[in-house]
Amino acid sequence: MRILIVGGGGREHTFCWKLAQSPQVSQLFAAPGNAGTAAIATNLNLGVSDFPALKAAVLEHQIQLVVAGPEAPLVDGITDFFLADPQLKDVPVIGPQKAAAALEGSKSFAKKFMQRHQIPTAAYGEFTADKIAEGEAFLEQMQAPYVLKADGLAAGKGVLIIQDLDEAKAALRKMLIDQQFGAASQTVVIEEFLQGIEASCFVWTDGKSYKILPYAKDYKRIGEGDTGLNTGGMGAISPVPFLTPAIQKTIEDTIVVPTVQGLQTDQMPYVGFIFIGLMLVGDAPYVIEYNVRMGDPETEVVLPRIQTDLAELLSAMAEGRLAEVDLQIDPQVATTVMAVSQGYPEAYEKGKVIEGLDQVRTATIFHAGTQLEGDQIKTSGGRVLAATALGDTRQAALEKSYKALAQVCFEGINYRKDIGFDL
Ligand code: AMP
Ligand code: GLY
């Protein structure tokens, strides 16, 4: 099978790495990929939402299956584009159509979906610029801290958590009237603050049945002890020790099943990944958000624990026979630690030479923001490398992840030394 992975981060390198182990896979392509995927796949220098260029590549390379990595091409309608094109309609895309991708692309859509299907989530109200007074009144009857969310995609920056009521009202005005996040904040969702601990749940569905993948926990803040600015994710661990079997059953019964059934009831065919951001309040799980893709860096700990052939799993999803596949999970603990550029998540420099990668023995290095220049590998993004290791215990795996990163260097390398500290 010839497979194209759309995207160029750590998540996409991990997909390529896992697929490269499958005897069913004859050739892999990544668009645009990175220096890591270049070693196992053919990189195609294309934009993830450049559908005409992707079409040309699929036809030229006789690609038989496409995996959409990030949300942007899905929200832009890559799956609809393939289904509507006579030359592409038989090439399955793993990822939902645009209508269902709104679960990630619109917070308002996601909240209404959850309400309609009785899926536990924070109480909320939603407001547009002509309803500013109602929005302020809504804030007044909520308790601090106030959670304000831009409805649309805002590059991960659209969620504000504010302690002070007047500041929250000012932020609401800034979003609605000054269009702080452009069109994304034409509608604002105001939510009840949920106090708890977060975890990531990954559901793979063929539209009828589903599999729950290993749970993971990511570390979003830049600083140790979960301090400082939010990032795309500084590390991850799987499994998640506080998700007991009883809690996992509650998640499946009250969230996963109603989500998959809700998609069917609403007639939104969904072949792809559902990433459910959970907040555990006591023992009660709530949905914080849906994403229509896999998490990053969670993928770097979830896929290495899957023992089932990934190409087989993906084909089964595309062909509607996921129920027939036996999902085998490695009981070991997987850890990943992300090495980032100095300054990230604010301004940072690119183009730093990465050295020592060939010294690494204890972990698998997944490339996130790297680029091949001649025979040198250079940094090309904020998140640069993820060091993933497996071990019998979390401690053992973390030791291997950290040992690997100690052997790698680039100017300004930074990583959290405390991944897993809270568990
Ligand atoms: P989101 O983009 O919706 O995932 O929100 C970003 C982050 O804000 C989440 O990962 C949570 O840490 C936090 N957050 C979002 N909604 C809530 C909420 N209702 N209560 C508490 N924290 C929240
Ligand atoms: N690690 C969180 C995300 O992928 O959104």
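The values are calculated or read from the model by the stated rules, or taken from the named source; none is laboratory data. Bear in mind that the values here come from a model prediction, so they are computed numbers and not experimental data. Ideal geometry is used to build each Cβ from the backbone, glycine not excepted, and the neighbour counts take in all protein chains shown. Accessible surface areas use protein heavy atoms only, side chains included; no ligands, DNA or RNA. Shrake-Rupley method; radii C 1.70, N 1.55, O 1.52, S 1.80 Å.
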With the structure loaded, tell me whether Thr42 is at pLDDT 95 or above, under 25 Å from Ala339 (Cα atoms) and in contact with a helix residue (DSSP H, G or I) (Cβ under 6 Å, 6 or more places away or on another chain) or whether it fails that test. no
Going through region 279-315 in order, the residues found to be more than 16 Å from ligand 1 (Cβ to nearest atom) and either assigned to a strand (DSSP E or B) or aliphatic (A, V, I, L, M) (or both) are Val301, Val302, Leu303, Ile306, Leu310, Ala311, Leu313, Leu314
Among helices (runs of 4 or more DSSP H) completely within region 49-165, the ones holding 2 or more residues that are of a type in the set (Gly, Ala, Ser) are 51-60, 98-105, 107-116, 132-140
Checked pairs for region 120-145, first closer than 30 Å to Leu280 by Cβ and open to solvent by 40 Å² or more (accessible area, probe 1.4 Å), second part of a loop (DSSP other than H, G, I, E, B) and more than 12 Å from ligand 1 (Cβ to nearest atom), C-beta under 8 Å and 6 or more apart or across chains, list as Ala144/Gln163; Ala144/Asp164
Report task. Determine if region 167-184 includes at least one residue that is more than 30 Å from Val292 (Cα to Cα), open to solvent by 80 Å² or more (accessible area, probe 1.4 Å) and either within 13 Å of ligand 1 (Cβ to nearest atom) or in a helix (DSSP H, G or I) (or both). Result -> yes
Scanning region 263-278 for residues that are open to solvent by 10 Å² or more (accessible area, probe 1.4 Å) and either free of Cβ contacts under 8 Å to residues at least 12 places away in the same chain or part of a loop (DSSP other than H, G, I, E, B) (or both) gives Asp266, Gln267, Met268, Pro269, Val271
Looking at this structure, is Val260 away from ligand 1 (no atom under 16 Å from the Cβ), modelled with pLDDT of 95 or more, of a type in the set (A, V, I, L, M, F, W, C) and surrounded by fewer than 23 Cβ atoms within 10 Å (Cβ to Cβ)?
yes
Exercise for review: Evaluate region 239-259: report whether one residue or more is more than 14 Å from ligand 2 (Cβ to nearest atom), in a strand (DSSP E or B) and on the phi < 0 side of the Ramachandran plot.
Suggested key: no
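Every residue, every condition in (1) more than 23 Å from the chain's Cα centre (by Cα); (2) more than 17 Å from Thr308 (Cα to Cα); (3) open to solvent by 20 Å² or more (accessible area, probe 1.4 Å), yes or no:
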site: Leu322; (1), (2), (3): no, no, no
site: Leu327; (1), (2), (3): no, no, yes
site: Gln332; (1), (2), (3): no, no, yes
site: Ala339; (1), (2), (3): no, yes, no
site: Glu349; (1), (2), (3): yes, yes, yes
site: Lys352; (1), (2), (3): yes, yes, yes
site: Leu357; (1), (2), (3): yes, yes, yes
